[in-house]
Amino acid sequence: MGERQIFIVKGGNVEGPRIKGTVLPGGGDWATRGADGVLHLDVRATLKTDDGAMIYATYAGLIDGKPETIMAAATGQDPLLTDYYFYTNPMFQVGAEKYQWLNRVVAIGRGRIVPGGVEYRVWALTNPS
């Protein structure tokens, strides 16, 4: 199916209008690079909110672009986001009542490669019920 690359999630931050917390170390990305060069993401991570709620996050996604553009981004240069395609579809599971809304959303994320990792901007398509 392609070349498997496994990346360890080392941590990070989460902040938005309804949530603030950290990404705990220990998750991972079981990515596969196909013969066409597209990287298919398979990420699982645990988020911990500032008030102690634990959230399981998982997402698939794609990174596509010219190899030199991806390498430039990975080594600290800042190519335009229009020079590569990096989108994800996060899904969440949470038991804490305050964050139950996350169980009922489909989200879309726009990724950006930065030295040593990635950054995401995520939009939740909320369910009005």
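The figures follow:
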read-out	value
Selection count, segment 80-116, where residues are over 24 Å from Ile70 (Cβ atoms) and among the β-branched types (Val, Ile, Thr)	3
Residue identified as farther than 22 Å from Pro17 by Cβ, charged (D, E, K, R) and either without any contact (Cβ under 8 Å) to a residue 40 or more places away in the chain or not in a strand (DSSP E or B) (or both) among Asp51, Asp78	Asp78
Which listed residue is within 15 Å of Leu62 (Cβ to Cβ), of a type in the set (A, V, I, L, M, F, W, C) and touching a strand residue (DSSP E or B) at 6+ places or on another chain (Cβ under 6 Å), from Val118, Val122, Val94, Val105	Val118
In segment 81-123, residue surrounded by the fewest Cβ atoms within 10 Å (Cβ to Cβ) [restricted to those that are touching a residue at least 60 places away in the same chain (Cβ under 8 Å) and part of a strand (DSSP E or B)]	Gly117
Near pairs, Cβ below 8 angstrom, 6+ apart or cross-chain, from segment 11-40 (free of Cβ contacts under 8 Å to residues at least 12 places away in the same chain) to any residue that is β-branched (Val, Ile, Thr) and assigned to a strand (DSSP E or B)	Asn13/Thr22; Asn13/Val23
Test: Asp64 is surrounded by fewer than 13 Cβ atoms within 10 Å (Cβ to Cβ) and without any contact (Cβ under 8 Å) to a residue 60 or more places away in the chain	no
Top-ranked residue in segment 1-35 [being part of a loop (DSSP other than H, G, I, E, B), in contact with a Gly (Cβ under 9 Å, 6 or more places away or on another chain) and not small (Gly, Ala, Ser); ranked as surrounded by the fewest Cβ atoms within 10 Å (Cβ to Cβ)]	Met1
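Any read-out appearing in this document is the output of simple, stated calculations on the displayed coordinates, not a laboratory observation. Predicted model only: the values in this text are computed from it and were never measured. Positions of Cβ are backbone-derived with ideal geometry, glycine not excepted, and every protein chain shown enters the neighbour counts.
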